[in-house]
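Q: Mind looking over this structure? Questions follow.
What follows is calculated from the coordinates using simple rules that are stated; it is not laboratory data. Every value quoted in this text rests on a predicted model; they were computed, and no experiment measured them. With ideal geometry, Cβ positions are generated from the backbone for all residues, glycine too; neighbour counts draw on all protein chains shown.
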């Protein structure tokens with residue numbers, strides 16, 4: 001992991017959305033001239049601080065970085081009585097939140113070419129955004145986007161039917177089966193975890209959960225699951241991704257146990273301009289993997305941007 005004497009701290013802020021929900025935001029500024037602007041879109045259950053190292057990698061390249069905590073996670077507003085339940089009824093809500101953030105926070109202070117970087121659930125939201133705003137960004141980097149949840153042996157059609165039925169029968173805000181509040185035992189690093197092979201970077205996520213319980217997010221609700229599956233079908237079948245003019249770099253781990261990486265190939269073909277790069281030894285957190293994998297990821301990002309922003 002990069003070692004720095006003094007780690008550049010983000011400037012935190014808050015915005016209020018049209019529906020009254022307040023989101024926490026952050027901005028990192030590089031030293032010297034700003035070469036470009038990155039909108040960093042985080043994944044499920046994450047928080048701004050988890051992306052400190054990723055932000056530093058952009059700062060080292062001369063980019064300023066903007067990020068936000070999604071509603072229902074981080075230190076943004078959480079409406080349910082149980083603040084740990086990760087609940088959502090439609091991913092279009094997050095798409096619109098991202099659009100508001102870009103319009104009112106990022107764009108007014110943007111400089112140089114605008115780059116969108118997103119991970120996992122954020123990759124799904126970013127794709128919904130790109131479909132709605134096909135020319136807004138000069139380039140997009142999507143890390144293990146959540147185009148489909150890895151359901152192991154459960155057929156997708158069965159999972160979708162169960163989620164639809166659960167919501168119809170009033171269970172939308174209940175935890176999905178096998179889900180619950182965050183278990184502090186998850187902070188222990190084991191080699192067979194599904195996130196990363198790097199124990200230090202694993203701790204960058206779970207460490208703050210132990211130090212600051214208010215950051216914790218538990219499992220998803222039936223409503224969230226239904227919303228995710230509906231969006232999964234849309235990105236695979238109906239969204240007009242061929243209209244997206246933004247060049248896309250899609251980073252994928254073939255053995256990902258969090259998202260179904262096979263669907264990355266399906267969606268990549270639907271984009272007008274998409275480069276799919278696979279990292280066979282990587283787990284889900286491509287941006288937080290061991291140095292050898294992470295360095296290869298950034299080498300591909302640099303090569304992609306050299307062409308996309310030329």
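Q: Viscosity 1.002 mPa s, temperature 20 °C: give me the Stokes-Einstein translational D for segment 11-308 in µm²/s, with Rh taken as the Kirkwood radius over C-alpha pairs.
A: The diffusion coefficient I find is 111 µm²/s.
Q: For segment 1-99, what log10 I(q)/I(0) values come out of the Debye formula at q = 0.15, 0.16, 0.22 1/Å, with one point per alpha carbon and no solvent?
A: Calculated log10 I(q)/I(0) at the listed q: -0.64, -0.71, -1.13.
Q: Then there's this: For segment 204-241 and segment 270-307, compute the distance between their C-alpha centroids and round to whole Å.
A: Each part reduced to its Cα centre gives a spacing of 22 Å.
Q: Also, quick follow-up: Report the relative contact order of segment 218-310, percent, no decimals, based on alpha-carbon pairs under 8 angstrom and at least 6 residues apart.
A: Relative contact order of segment 218-310: 26 percent.
Q: Between residue 103 and residue 265, what length comes free when the chain is fully extended (0.36 nm per residue of separation minus the Cα-Cα distance, one decimal in nm)?
A: Between residue 103 and residue 265, full extension yields 55.2 nm more.
Q: Between residue 82 and residue 14, what's the calculated FRET efficiency when r is the beta-carbon distance and R0 is 22 Å? Round to 0.05.
A: Efficiency, rounded to the nearest 0.05: 0.45.
Q: How are the alpha carbon pair distances in segment 98-147 distributed across 5 Å bins from zero to the largest one, expressed in percent?
A: Spelled out bin by bin, segment 98-147 gives 5, 20, 30, 28, 13, 4, 0 percent.
Q: Tell me, in nm to one decimal, what length is gained between residue 187 and residue 245 on full extension, where the rule is 0.36 nm per residue of separation less the Cα-Cα distance?
A: Result for the pair: 16.8 nm of gain on full extension.
Q: If the label point is 7 Å along Cα→Cβ of residue 230, which residues in segment 59-73 have backbone nitrogen under 15 Å from it?
A: Output list for this probe position: empty.
Q: Which of 153, 281, 138 comes first, and how do the rest follow, when ranked by fewest Cβ neighbours within 10 Å?
A: 153, 281, 138
Q: Same structure again: To one decimal place, what orientation-averaged projected area in nm² is obtained for the convex hull of the Cα set of segment 125-238?
A: Averaged projected area of segment 125-238's Cα convex hull equals 9.7 nm².
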